[in-house]
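Here the structure comes first, spelled out in structure tokens, and everything after it is commentary.
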Amino acid sequence: MTQNELIKKLGGLRAIEPNEEFVRVSRSVILSSQSGIPIERTTRNTIFSRGLSFAASVTLTAVFVLVLALGSVAGSLKTLFLPTLHGVNNEALVSEADAVTGDIDIRLNDIEYFDRTSRTVALADSSQEGMLDGEDEIDELLNQVIEY
Amino acid sequence: MLEDEQNLIARAKEGEAEAFGLLYDFYMPRIYRFVLVKVGHREEAEDLTHQTFLKAWEHIETYESRGYPFSSWLYSIARNSVIDHHRRSKPQVSIDELGDDILLEKETQGSGLDAKIGWDVMLEAIFRLKGIEQDVLIMRFVDELTHQEVAKAIGKTEGATKVIQHRALKNLKKLIES
């Protein structure tokens, strides 16, 4: 083997290429750190664990966004479909609600009436009791006068 | 050299991540190849390459371009990372794994099984070279750096680099033939 053949053979080592996944992760780890600031010693395991933690954060964020999206979609569907539910007579519902309201009003009026009348009766009773007490007192005073 | 490199470096020094990202895109595969051929293990090469660029981004404010190419600066950081790595742990070379990587790429270009046998021998021979000889050969003939860039990265003169290159090729040839 001549020296030129040897040199040519050495040139064949240029075919070696780094793993694409490694290059991508390593590059992002290096560039995400700030220049001029000492960086912790990083090994292959930590490079890939950082990649995994990044993937986990992305997944969690995606799940969160999905939940939010589902919530808003469900809300929109509720407002869209509820007024058009089949088998529900809106007019009957309104008249039934009016009847219930009227019934409640009547009962409230009754309560108010009973309350008012009971107060009046109570006042009348108390005034009669006062009158009776006064007559007894007068009788007692008259008896005392007679005794003198 | 990357087009408009000086402007990108100036913007990166101001803390602009996007500019450093473009420098990363251009140099990352080169640095990765350099590290992988030296450590012979894909995951370790990824770690060391990542750390090289992390350090570069962290210290980019300290980089002075006067007579010192950015590529050389990156390669010197990578070299130091590999040296530290070898100090911490025994070198574990998986030639088969690396050979498979190269074979996979080569097969798409029309090479056959003979190519893999050749790569196994070649890679084993490279691993047996001295660290600095590996550095010079990879930088010069794999990543196609100039003598000046290699010299700056390894902290030698251009003349010394040429001598190391000559010796490295001779030793590599001897190892392959043996």
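Remarks
- Every residue from region B:115-174 that is in a loop (DSSP other than H, G, I, E, B) and on the phi < 0 side of the Ramachandran plot: B:129, B:130, B:143, B:145, B:146, B:156, B:157
- In a residue-by-residue description of region A:36-45, the property of being modelled with pLDDT under 65, polar (S, T, N, Q) and part of a helix (DSSP H, G or I) applies to at least one position.
- Taken together, B:113, B:129, B:123, B:103 contain a single residue that is modelled with pLDDT under 90 and within 19 Å of the chain's Cα centre (by Cα), which is B:123.
- Check on residue B:43, in a helix (DSSP H, G or I) and at pLDDT 90 or above: yes
- Residues that are within 9 Å of another protein chain (Cβ to nearest Cβ) and of a type in the set (Asp, Glu), drawn from region B:26-73: B:43, B:44, B:46, B:47, B:58, B:61
The values are calculated or read from the model by the stated rules, or taken from the named source; none is laboratory data. Keep in mind that this is a model prediction, so the values were computed, not measured. Methodologically, a virtual Cβ is constructed for each residue, glycine included, from the backbone with ideal geometry; neighbour enumeration extends over all protein chains shown.
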